[in-house]
Amino acid sequence: MTDKLGDLKYYEKPREKMLITGPESLTDVELLAILLGFGGKDHSVIPLAREILNKYESFHKLSKMELNELKNIKFIGLSKASTIKAALEIGRRFLEPKKTSGNKVSKPQDIYEIFRKETYLKDTESTYILSLDSRGLVISKDIITTGTINETLLSPREIFRKALYRNAVNIILVHNHPSGNPQPSLEDIKATDKVRCAGNNIGINLIDHIIITDSSFMSFKQEGLLNSLPCIKGGDKCDSN
């Protein structure tokens, strides 16, 4: 089949195909071609869209590109690059409900839905706390640190300073794994126990730690990792003996 729009049958052209059979029937190349609108000199829009997707493999990887990188692709420019970035950003924003405070969280999936947008496509790890009231309703979500989680960077003092300010009864730790693997590292487990023990001593319970990726999540509570070491009374340390 020819790639030149003028040579395509009416129902084979991307916009017309969408009108007849719906957007879900279009290939990634056809969807991108609609965003691009037109190609360049002696270069039709469909092969241009195909070349871009062949180079960057997926919309997921394309979305990580900066605007300046996109506009420097041959035949793209600022106008087409802005259209692509805007469309991908709309898709990203669609992932999460607008309201967070006042939501009730009763299972790890609830937390995942709250943070999907926050961490989607991020290349670095970020750690958050979700502060909850006595009914399990969300009071707030706050970012604690950016960078690989470890016992040194993850400060119980900073976590519980925010929790006390929010009048939290319980908290949930959340952080992302850009690698796509939600399984915790040894540092994740040690840091979680340190926070849990500190919370026990001031009466604010760490009730879960959720590790999330772009497409999955892991709950410390569900996996039995939340109480892996007993706490030493009067401190934020855990007894490893």
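Whole angstrom only: what separates the Cα centroid of region 18-83 from the Cα centroid of region 168-196? When both Cα centres are located, 38 Å separates them.
Just so you know, the Rg over Rh for region 108-219 is 0.93, from Cα atoms, with Rh as the Kirkwood radius. Rounded to the nearest Hz, the phi-derived 3J(HN,Hα) couplings of region 211-216 under the Karplus curve 6.51 cos²θ - 1.76 cosθ + 1.60 (θ = phi - 60°) are 9, 10, 10, 5, 9, 7, where x marks glycine and proline.
Is the C-alpha gyration tensor of region 5-93 telling us rounded, prolate or oblate? Criteria: a/c under 1.5 is rounded; beyond that, a/b larger than b/c is prolate, otherwise oblate.
Oblate is the answer for region 5-93, as a/c is 1.5 or above yet b/c matches or exceeds a/b.
Approximating the spin labels as points 7 Å out from Cα along Cα→Cβ, the Lys61-to-Ile20 distance works out to 3.2 nm.
Read-outs throughout are calculated quantities, based only on the coordinates presented, and are distinct from any laboratory measurement. The structure displayed is predicted, hence computed values, not measured ones. Cβ atoms come from the backbone with ideal geometry, glycine included; neighbour counts cover every protein chain shown.
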